[in-house]
Each structure stands twice: as C-alpha cells, then as structure tokens.
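Working notes, structure below.
The values are calculated or read from the model by the stated rules, or taken from the named source; none is laboratory data. These figures come from a predicted structure and were not determined experimentally. Here the Cβ is made from the backbone with ideal geometry for all residues, glycine too, and neighbour counts use every protein chain on show. Surface areas here come from the heavy atoms of the whole protein model, side chains and all, with no ligands, DNA or RNA. Shrake-Rupley method; radii C 1.70, N 1.55, O 1.52, S 1.80 Å.
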Amino acid sequence: MTDALGNLVKFILMPGQRNNITRVKELIADQSFDALLADKTFDANWLIEELQRRGTQVVISQMPHRRSPVEIELEVYKWRHLIENFFGKLKEFRRIALRSDKTNTCFSAMILLAAAIINSR
C-alpha cells in the first residue's frame with residue numbers, strides 16, 4: 001500500500017502464487033484514506049461494499065464481465081501510475097526482484113530499506 005505520492009505505507013508478504021486480494025482486508029483494516037486506487041485484481045464486490053461503507057472513493061478498474069459496473073472517476077484513476085512507478089522502482093533492486101533472501105524477516109527488511117532509498121531520491 002502506498003500513499004498518494006507513491007511512498008510505501010504498509011505491506012504484507014504473501015506467497016507468490018497467491019492472489020493479492022486475499023489479504024487486502026488485513027492491509028486496510030487500520031488505515032484511513034479518502035480513495036483506494038487499484039487495478040482489476042481488487043475488483044471484488046465485498047471490497048467495494050466495504051469501501052463504500054467507510055465513505056471511501058472507489059477507483060478500481062472493473063473486470064470486463066462485471067454485470068453492474070461501478071462508476072469510477074477517470075481523472076483520479078490516472079494517478080495510479082504513481083503506485084505502479086513505486087513498484088517498478090522497488091523491482092530495480094535485484095535482491096527484491098529475485099527474492100534472494102531466504103527468510104521473510106530479511107526480505108521485509110530489504111523492502112523497507114529499498115523504500116527508504118527510493119524516498120530519499
């Protein structure tokens with residue numbers, strides 16, 4: 001999870017074969033934000049309902065087979081590139097891109113270190 005400027009706020013490690021949405025409830029549980037910008041991976045009715053219940057603006061790209069598409073503000077959605085840019089910069093660190101660390105603790109520490117370096121640039 002990043003803020004509006006693409007700076008790391010919070011992350012949860014998951015196995016690479018798992019879908020990102022499986023732990024999103026845990027990720028957003030104690031966070032307050034005005035809008036959630038996300039890609040099609042996060043297009044789930046339960047998540048959209050939770051965000052609307054919180055009064056959060058939903059800016060999630062819709063799956064093409066969705067029966068009742070949710071109206072999103074396209075101007076706000078354009079800012080999602082800042083989030084994608086952060087993850088692109090994070091993957092520039094070879095040790096993170098290849099997940100060279102053997103333990104989750106070491107890998108988490110590398111992510112935090114890389115995020116600090118990215119923020120200092």
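Determine whether region 3-15 contains at least one residue that is of a type in the set (Phe, Trp, Tyr), modelled with pLDDT of 90 or more and within 15 Å of the chain's Cα centre (by Cα).
First pass over region 3-15, keeping only residues of a type in the set (Phe, Trp, Tyr): 11.
If we keep only those that are modelled with pLDDT of 90 or more as well, we get 11.
This time we only want the ones that are within 15 Å of the chain's Cα centre (by Cα), so: 11.
So far as region 3-15 goes, yes, one or more of its residues are of a type in the set (Phe, Trp, Tyr), modelled with pLDDT of 90 or more and within 15 Å of the chain's Cα centre (by Cα).
If you take the residues in region 1-26 that are touching a helix residue (DSSP H, G or I) at 6+ places or on another chain (Cβ under 9 Å) and outside any loop (DSSP other than H, G, I, E, B), which one is nearest to SER120 (Cα to Cα)? The qualifying residue nearest to SER120 (Cα to Cα) is LEU8. Filtered by the rule that a residue be of a type in the set (Lys, Arg) and closer than 20 Å to ASN20 by Cα, region 45-77 gives a lone residue, ARG66. Residues in region 70-83 that are open to solvent by less than 90 Å² (accessible area, probe 1.4 Å) and either touching an Asp or Glu at 6+ places or on another chain (Cβ under 7 Å) or in a loop (DSSP other than H, G, I, E, B) (or both): 2 in all. Does region 84-106 contain any residue that is in a loop (DSSP other than H, G, I, E, B), on the phi > 0 side of the Ramachandran plot and of a type outside the set (Gly, Ala, Ser)? Yes - at least one qualifying residue is present in region 84-106. Would you mind telling me which numbered condition in (1) free of Cβ contacts under 8 Å to residues at least 60 places away in the same chain; (2) within 19 Å of LEU5 (Cβ to Cβ) LEU74 fails? All conditions pass for LEU74, except number (2). For region 107-121, a residue qualifies if it is assigned to a helix (DSSP H, G or I) and of a type outside the set (A, V, I, L, M, F, W, C), and the qualifying residues are SER108, ASN119, SER120. Considering only residues in region 29-65 that are of a type in the set (D, E, K, R), part of a loop (DSSP other than H, G, I, E, B) and open to solvent by 70 Å² or more (accessible area, probe 1.4 Å), the one that is farthest from VAL9 (Cα to Cα) turns out to be ASP34.
Inspect all residues belonging to region 19-28 and state whether any of them is surrounded by 12 or more Cβ atoms within 10 Å (Cβ to Cβ) and among the acidic types (Asp, Glu). So far as region 19-28 goes, no, none of its residues is surrounded by 12 or more Cβ atoms within 10 Å (Cβ to Cβ) and among the acidic types (Asp, Glu).
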